[in-house]
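The structure appears below as structure tokens.
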């Protein structure tokens, strides 16, 4: 009972922490060496084996499928002393398995998480008439990662370990250092201040564009990673296009949605279609353009305008273009 209460308190404390700054990255790999302690249930072994608490050491290696969901494999080594039947006076426990992690607040430096896993325990150097040398084991618990750089985090974990055949209740608590590699970079806004002369007086309002020949124009709208929400910075460009369409009812447009190459083809196709539909909805609901004059099409990652190998290139490829066919008007 004492162990269960300790675990519950740890989970509550971790769930109450909030600090803002993006750190956990979708598609990243991680390696975490750790060391800590191991507490046995009092009746787990026979009278010839001491159940004194001992230390633990091991390694975790994982992959983050999204910012919130990750998977880790783990291995740990736990030595403890017996009374009289081993020449080295030590028995060794080897734990291993696979855990699913759910990260809360992945956009912060301080990232609490929950874990649930399944694996096994191997007891080495036990006497032949003792309990099973190998047992199925389940575990659950919580932890927290404190990022000190973009790719390095201090980490603390606590697990309720349940070895089966006979069911026991053990506790593993560890401290480690997580090293992260790869993953999708988040867009960061960098403000650059440049000394400039005072701005000139505002110019006179420019006349509305006049359609004089047949051709194509493109409207540039960028999106955040994995988003289909129109950012405020791009609403003026859409308003200008809607104004032209109001003045020239013969003009129709094709809204073309595009993505970078992060994710599979089917998902990117749907995301690009959602981006095109978002611009169409804006023009219909806020500018009063007839929906029949706007065709929204999603092309996924098929038509990049820059390299998907760099963050800057991927940002340019996450866009919506408005292709305008226009006629001679004299």
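The values are calculated or read from the model by the stated rules, or taken from the named source; none is laboratory data. Given the structure is predicted, the values throughout are model-derived calculations rather than measurements. A quick note on method: Cβ atoms are made from the backbone with ideal geometry, for glycine too, and the neighbour counts reach across all protein chains shown.
Brief remarks on what is shown
- Qualifying positions in segment 124-137 - in contact with a strand residue (DSSP E or B) (Cβ under 7 Å, 6 or more places away or on another chain) and either modelled with pLDDT under 80 or surrounded by fewer than 14 Cβ atoms within 10 Å (Cβ to Cβ) (or both): 124, 125, 126, 133, 134
- From the list 207, 249, 203, the lone residue that is outside the structural domain of residue 294 (by TED's automatic domain parsing), at pLDDT 75 or above and assigned to a loop (DSSP other than H, G, I, E, B) is 203.
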